[in-house]
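Read-outs throughout are calculated quantities, based only on the coordinates presented, and are distinct from any laboratory measurement. Model, not experiment: these values are computed from the prediction. All Cβ positions, even for glycine, are placed from backbone atoms using ideal geometry, and neighbour counts span all protein chains on display.
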Amino acid sequence: MDIVRSIQQFASQPIPHHLMTSLLKECRQPNDRIHNLIKKGILQQVRRGSYVAGPRITSPKPEPFLLANHILGPSYVSLESALSYYGLIPERVYEITSMTIKSKCKFSTSLGLFSYTRIALPYYSYGIRSMEVDKQHRFLIASPEKALFDKIITTPGVEFRSKTSVLSYIENDLRIDTDELKNLDLSIMKSWAPTLPKKKGSFFKLIETIQEY
């Protein structure tokens, strides 16, 4: 099988460097060949060591959330991207936002903008869902509760001292329909409270407000 057909087989997923070198195992200088494939538009580099099928390959490209997981790992999609995915915020999101235990970073690629915000363990590991793209591929994304928590934790200046301040932030800053708050799992939100890296008082006020709404 020629290399174009080989790459086409993996067009629906991110292609790591080790997979490319495996596909080019008969080639004496695989890195040079990879460079030539990029120049010809057969392969596209997303970041160092990570590729997708290039513009000359007409097969569908990887799902953006799946790609986000692979560009930097470990990570999961969260913040505005997850809130929009669940229909909690009305805006369409053009930047794929994720959480990671690594340093904060951003990647501007031909396939979009991918940003990563650092959050500490053990809180990082809670509230992550695995969602199916197809039978072969899944991506990691925050649950609605975790995406909301992540947004509050990582937004400077957000502190809740009253129910009024909670509702103002939910309705005016995030533009979340307050009816959607009834669908959040308060018990699991409470279980994460001891692991929160900061703003514990604000989260108890958030949970109290949702509980009484």
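With semi-axes defined as the square roots of five times the eigenvalues of the C-alpha gyration tensor, the equivalent ellipsoid of segment 1-88 measures 28, 14, 10 Å, largest first. Separation of segment 108-150 from segment 60-91 is 6 Å, based on Cα centroids.
For segment 104-120, putting each phi into the Karplus relation 6.51 cos²θ - 1.76 cosθ + 1.60 with θ = phi - 60° gives couplings of 4, 7, 9, 10, 9, 10, 5, 9, x, 9, 10, 10, 10, 10, 7, 9, 8 Hz, in residue order, rounded to whole numbers and with x for Gly and Pro. Based on alpha-carbon atoms, the Kirkwood radius and the radius of gyration of segment 64-212 give Rg/Rh equal to 0.96. Ordered by the count of other Cβ atoms within 10 Å of each Cβ, fewest first, Thr164, Thr117 give Thr164, Thr117. Quick one: grab the alpha carbon gyration tensor of segment 3-53, order the square roots of its eigenvalues as a ≥ b ≥ c, and give me rounded if a/c is under 1.5, else prolate or oblate depending on whether a/b is larger than b/c. Rounded, because the longest to shortest axis ratio a/c is under 1.5. Amide H to amide H, with H built 1.01 Å from N, Leu43 comes under 5 Å of Ile38, Gly54, counting only residues 5 or more places away or on other chains. In order along segment 168-180, the Karplus-derived 3J(HN,Hα) couplings, from 6.51 cos²θ - 1.76 cosθ + 1.60 at θ = phi - 60°, round to 5, 5, 4, 7, 9, 7, 8, 6, 8, 5, 4, 4, 5 Hz, and Gly and Pro are given as x. In the frame of its principal axes, segment 139-198 has Cα extents of 30, 25, 23 Å, reported largest first.
Taking each of Lys25/Lys61; Lys163/Lys190; Lys39/Lys151; Lys39/Lys104 in turn, the alpha-carbon distance tops 28 angstrom for Lys39/Lys151; Lys39/Lys104. Across the chain, the relative contact order, built from alpha-carbon pairs under 8 Å that are at least six residues apart, equals 15 percent.
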